[in-house]
Amino acid sequence: MKRPPLPSRRAIAAGLVVCLVLVGAWMTYQLLHARSELEAARADADDLRTALADGRTPEVERLAESLRVHAAAADGSLSGPHWWLAAHLPFVGDDIDAVRTITFGLNDVSTRNLPDLIDLYSEISGDAFRPVDGRIDTAALRSARDRLATSADGIASTSRSVAAIDTSGLIGPLRGPVGEVQRTLSDAAEALRRASVAADVLPDAVEGRHRYLLLFLNPAEIRAGGGMPGSWAELKVDDGRVSLGKQGAAADEILESSPSELTADELQFYNDRLGRDLRDVLFTPDFPRSAELARTLMERKRGLEVDGVLAMDAVTLAHLLNATGPVDLLDGTRITSANAAEELLNGVYLRTPNPKKQDAVFAAAVDTLFTRFTDGDLDPTETVRALVRSGEEHRVRAWFADPALQARIADTAVAGELPATEAAPGYGIYFNDATGAKMQYYLDVDARTDVSCGRDDTSVYTTDLTLTSTAPKNAASLPEAVVGPNPPTGPGGMVMQVDIVAPAGGSVPVIEQDGERPTYYSIRVDGRPGARIIVALGPGDATTLRITSSAAPGVHADTAYEITPTVRSGRQPAPLYDPC
């Protein structure tokens with residue numbers, strides 16, 4: 001019997017071509033399927049973030065499961081030895097490897113980290129963290145801390161892996177989607193990092209016996225650190241049980257003599273009221289320094305010894321009303337999250353010219369809100385949302401006398417520290433009222449900053465800062481409590497010191513005002529160069545400052561960027577990207 005003839009080389013080659021075509025077609029289908037699933041997973045991630053922010057618990061759970069299904073399908077489509085080989089091919093290997101890194105990372109996050117986060121979110125939405133009889137469950141806080149830290153570490157690891165992908169080498173259709181996933185994971189990792197820091201510190205801050213100084217800030221009389229402290233309270237903590245102790249008006253807390261702790265720069269650029277008058281301790285934008293001065297002042301004035309200082313402004317109280325519901329003021333005015341800032345920062349002064357009665361209105365509002373908190377009469381999810389939002393707007397600050405606790409919140413917005421090294425540049429624009437008025441209730445701020453590459457290997461910051469007074473034309477008829485005593489612009493105007501603080505080792509800012517060179521002078525803030533200009537605005541006036549400064553030569557890194565929060569400002573600007 002004759003053997004069947006062996007296939008010819010041509011037939012073998014043709015068969016290999018057919019096989020390669022079929023494998024290529026199959027892999028193309030899998031790649032397209034993975035891309036479709038990846039886009040669906042990213043859409044779910046965006047919707048999930050919105051649902052979390054809105055407190056829609058059932059929707060959160062549904063979207064988390066949908067994200068898991070799509071991420072698993074995308075990862076499954078690109079699994080197998082053929083895809084490992086394809087990732088090592090020339091020309092297309094980098095693109096395939098990038099997509100596989102993303103699909104694996106999203107699948108890992110959605111299966112290993114996200115479920116526990118959703119469970120934790122559901123517990124916060126329920127009663128697990130609601131205070132009972134004035135006591136916070138510290139055991140629940142510690143459990144949440146550990147679980148949140150594990151999830152945060154996992155998502156941060158995935159974010160770093162995905163961020164390492166160089167999108168410049170990818171084919172055009174992949175650059176956009178890959179970049180969007182990088183940003184989504186980076187935002188999630190940063191949000192979880194901030195939450196993890198808070199969860200890490202909170203149990204230790206409320207266990208044992210502690211006393212904290214609470215400062216309630218009024219941004220209608222603006223300070224570099226946010227707003228003028230209008231009132232204060234002693235927060236007492238005893239093994240999770242919280243209560244209010246002594247309370248008072250900041251106007252009553254003035255030392256007769258200048259404290260010796262002030263530096264020569266502080267005395268020159270702020271004067272001794274920085275450490276002598278509780279209303280002025282936030283002249284400096286460096287909150288740890290403000291807190292130290294406030295602590296020392298209250299110990300000398302009232303004999304009050306505290307373990308830390310917490311500050312929040314009236315806009316934060318407005319955000320918290322979403323969690324507690326409306327509150328009735330002493331004069332019968334009902335405040336809600338929609339009108340609280342207007343009533344507390346303006347309406348009270350218009351209706352109640354007597355400063356003592358104004359203080360009583362603020363104190364009663366704080367008492368009511370605090371009682372609702374300690375009684376558990378609030379929505380826990382809305383409380384977290386309010387505090388997160390206020391943190392993003394730099395309206396909430398904290399400082400601990402314990403160096404170990406303070407170190408754990410360092411490099412977070414709530415710490416309010418100024419970047420002090422050349423390697424970590426920071427750029428800030430800060431305002432201080434100069435007349436004792438409440439006219440910054442009518443202040444609008446628009447700041448646009450670009451970074452360019454300058455000579456001498458420097459990164460150059462150019463800011464167009466427009467300041468507008470929205471005060472009514474009849475502002476001169478407003479009460480003295482609003483317009484201040486004898487304002488140099490005449491009643492109804494506002495006068496501010498505007499401080500621009502450049503990065504450490506950088507140049508003193510150069511300022512133009514409305515196209516002309518105004519009078520301004522150099523300052524130093526924590527050793528950083530800066531410039532100060534006095535700006536006066538009448539009702540309805542506006543002015544634009546063009547500010548130019550630079551970082552230290554040879555320093556090229558994204559720059560932390562901060563602007564004093566105002567009554568109507570939103571989230572703080574993102575760090576400035578360095579293109580050099």
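The values are calculated or read from the model by the stated rules, or taken from the named source; none is laboratory data. All of these numbers come straight from a predicted model, not from anything done at the bench. Glycine also receives a Cβ, built like all others from the backbone with ideal geometry; neighbour counts cover every protein chain displayed. The protein model used for the area step is the full one, side chains on, heavy atoms only, and it has no ligands, DNA or RNA in it. Shrake-Rupley method; radii C 1.70, N 1.55, O 1.52, S 1.80 Å.
How many angstrom separate the Cα center of region 225-262 from the Cα center of region 512-565?
Region 225-262 and region 512-565 have Cα centres separated by 31 Å.
With n ≥ 4 as the cut-off for DSSP H runs, can you work out [θ] at 222 nm for the chain, using -39500 (n - 2.57) per run divided by the number of residues, rounded to the nearest 500?
Theoretical 222 nm ellipticity from helices: -14000 deg cm²/dmol.
Among the lysines, which have Cα under 24 Å from the Cα of LYS473 when same-chain residues fewer than 8 positions away are ignored?
Straight-line reach from LYS473, under 24 Å: LYS438.
Could you pull out every one of the aspartates and glutamates with an alpha carbon less than 13 Å from that of LYS357, ignoring same-chain neighbours closer than 8 positions?
Output for LYS357: ASP331.
For Rg/Rh (Cα atoms, Kirkwood Rh), which listed value, (1) 1.25; (2) 1.03; (3) 1.07, comes from the coordinates shown?
Of the labelled values, this structure produces (3).
About its Cα centre, how strong a charge dipole does the chain have in debye, to the nearest 20, once Lys and Arg get +1 and Asp and Glu get -1 at the Cβ?
Here the size comes out at about 1220 debye.
Mind listing the phi-derived Karplus ³J(HN,Hα) values for region 252-257, rounded to whole Hz, using 6.51, -1.76 and 1.60 with θ = phi - 60°, and x for any glycine or proline?
So the Karplus estimates, Gly and Pro as x, are 8, 9, 10, 7, 6, 10 Hz.
Would you tally the net charge around ASP331, using a Cβ to Cβ cut-off of less than 11 Å, leaving ASP331 out, and scoring K and R as +1, D and E as -1?
Residues near ASP331 contribute +1 overall.
Summing Lys, Arg as +1 and Asp, Glu as -1, what charge do residues with Cβ under 12 Å from the Cβ of ARG112 carry, ARG112 excluded?
Summing Lys and Arg as +1 and Asp and Glu as -1 gives -2.
With all pairs of different alpha carbon atoms counted, what Kirkwood hydrodynamic radius in Å does region 179-251 show?
Its Kirkwood hydrodynamic radius stands at 15.1 Å.
Work through the residues other than TRP232 whose Cβ is under 9 Å from its Cβ and net out their charges, Lys, Arg +1 and Asp, Glu -1.
With Lys, Arg at +1 and Asp, Glu at -1, the net is -1.
Ignoring the sites themselves, what is the longest stretch of the chain with no chymotrypsin sites (Phe, Trp or Tyr not before Pro) in a DSSP loop and at most 15 other beta-carbon atoms within 10 Å?
Result for the longest clean stretch: 92-576.
Specify which residue in the list PRO403, THR333, ALA74 is farthest towards the positive end of the charge dipole of the chain, using unit charges on the beta carbon of Lys, Arg (+1) and Asp, Glu (-1), about the Cα centre.
Result: ALA74.
Got a number for carbon plus sulfur as a percent of the chain's accessible area, 1.4 Å probe?
Summing carbon and sulfur atoms, their accessible area is 55 percent of the total for the chain.
Give the Cα extents of region 471-547 along the principal axes, in whole Å, largest first.
47, 28, 16
For region 348-467, evaluate the Debye formula with one uniform point scatterer on each Cα (no solvent term) and list log10 I(q)/I(0) at q = 0.16 Å⁻¹, rounded to two decimals.
-1.22
Using only the alpha carbons of region 301-389, what is the convex hull's orientation-averaged projected area in square nanometres?
6.9 nm²
As a test, work out the antiparallel percent of DSSP beta bridges whose residues both lie in region 411-549, rounded to the nearest 5.
100 percent
Rolling a 1.4 Å sphere over the protein heavy atoms, what is the accessible area per residue of region 344-500, to the nearest Å²?
Accessible surface, normalised per residue, equals 42 Å².
Calculate the spin-label point distance for GLU392 paired with ARG62, positioning each point 7 Å from the Cα along the beta-carbon direction, and give it in nanometres.
2.3 nm
Are there DSSP H segments in the chain that both extend 24 Å or more along their axis (alpha-carbon positions) and score a mean Kyte-Doolittle hydropathy of at least -0.5? List them, or say none. Intermediate values should be presented prior to the final figure.
Values: long enough: 9-54 (66 Å, 0.45); 57-77 (30 Å, -0.26); 138-163 (36 Å, -0.10); 172-206 (52 Å, 0.04); 355-374 (28 Å, 0.07).
In the chain, the long hydrophobic H runs are 9-54, 57-77, 138-163, 172-206, 355-374.
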